[in-house]
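Asks: Below you will find the structure I want to go over with you.
The values are calculated or read from the model by the stated rules, or taken from the named source; none is laboratory data. Predicted model, so just to flag it, every value in this text is computed and none were measured. Here Cβ is always computed from backbone atoms with ideal geometry, including for glycine, and neighbour counts include all displayed protein chains. Calculation scope for accessible area: heavy atoms of the full protein, side chains included, ligands and nucleic acids excluded. Shrake-Rupley method; radii C 1.70, N 1.55, O 1.52, S 1.80 Å.
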Amino acid sequence: NAGVTQTPKFQVLKTGQSMTLQCAQDMNHNSMYWYRQDPGMGLRLIYYSASEGTTDKGEVPNGYNVSRLNKREFSLRLESAAPSQTSVYFCASSEVSGRATQTQYFGPGTRLLVL
Amino acid sequence: GESVGLHLPTLSVQEGDNSIINCAYSNSASDYFIWYKQESGKGPQFIIDIRSNMDKRQGQRVTVLLNKTVKHLSLQIAATQPGDSAVYFCAENIMYDDMRFGAGTRLTVKP
């Protein structure tokens, strides 16, 4: 099992450009998440998908959109990138959504630089 | 302990010593907590979890202690090894499908 995979590993964008970050998991997990991690700060939830066909906003959703393409894949889109979106983006998945268990398995991250 | 800001708290220990990493959480209603380890350039990795109906839970070389009275969580690593060098952070289950993460503590193990 590859676990959680993310592409690309690194990306440089100019302000105003768009891009989609891809995430896939092969653990048959129901829930998937997108976080950003900034220096000296904890992970902040952007969007999550509790199950296939549903998506919900997290703590910092502005400037982002998501698509839960199927049970395996959850993409994050930046329509018009801004320097404030320079960050490391992590995708995660968990077997069960809600309070029953929240053990999340993380991908290796995508480092995004917006100039 | 944890903090939000540009500089992470750091803990430096000698190889073979025990390490204690602390975390203050924010919500008295949180009922599930996780410790993660994050090595440089990698994603966070689950270490151990604990539910609010427990005070202590042990894993392999790691122990998590929960003090709900003061909203404090700690991670103890026994016989710390160089491979334990990483950033460690705690997470609390705030509400349905929402985990809040601390900024972390950087552990450095000296040989």
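Asks: Tally the residues that are within 10 Å of chain B (Cβ to nearest Cβ) and open to solvent by 80 Å² or more (accessible area, probe 1.4 Å), restricting the search to segment A:51-70.
Replies: Residues that pass the stated criteria total 1.
Asks: Consider A:ARG77 against the criteria (1) in contact with a Ser or Thr (Cβ under 6 Å, 6 or more places away or on another chain); (2) free of Cβ contacts under 8 Å to residues at least 12 places away in the same chain: it satisfies all of them except one. Which criterion is unmet?
Replies: A:ARG77 satisfies all of (1) in contact with a Ser or Thr (Cβ under 6 Å, 6 or more places away or on another chain); (2) free of Cβ contacts under 8 Å to residues at least 12 places away in the same chain except (2).
Asks: What about B:ALA29, is it within 14 Å of another protein chain (Cβ to nearest Cβ), part of a loop (DSSP other than H, G, I, E, B) and not polar (S, T, N, Q)?
Replies: Here the answer is yes, as B:ALA29 does meet what is asked.
Asks: Specify the residue that is surrounded by the most Cβ atoms within 10 Å (Cβ to Cβ); the eligible residues are those in segment B:57-103 that are assigned to a loop (DSSP other than H, G, I, E, B) and within 8 Å of chain A (Cβ to nearest Cβ).
Replies: B:GLY102
Asks: A further question follows. When you go through A:LEU69, A:LEU45, A:LEU21, A:LEU76 one by one, which is the residue that is over 23 Å from B:PHE101 (Cα atoms) and of a type outside the set (Ser, Thr, Tyr)?
Replies: After ruling out the rest, the residue left standing is A:LEU69.
Asks: Please find, within segment B:32-41, the residue that is farthest from the chain's Cα centre (by Cα) out of those that are more than 15 Å from B:THR63 (Cβ to Cβ) and surrounded by 14 or more Cβ atoms within 10 Å (Cβ to Cβ).
Replies: Within segment B:32-41, the match that is farthest from the chain's Cα centre (by Cα) is B:TYR32.
Asks: A further question follows. Looking only at segment A:16-51, how many residues end up being at pLDDT 90 or above and in a loop (DSSP other than H, G, I, E, B)?
Replies: The qualifying residues number 10.
Asks: Among the residues of segment A:74-85, is any open to solvent by 20 Å² or more (accessible area, probe 1.4 Å), within 12 Å of another protein chain (Cβ to nearest Cβ) and more than 28 Å from B:TYR88 (Cα to Cα)?
Replies: no
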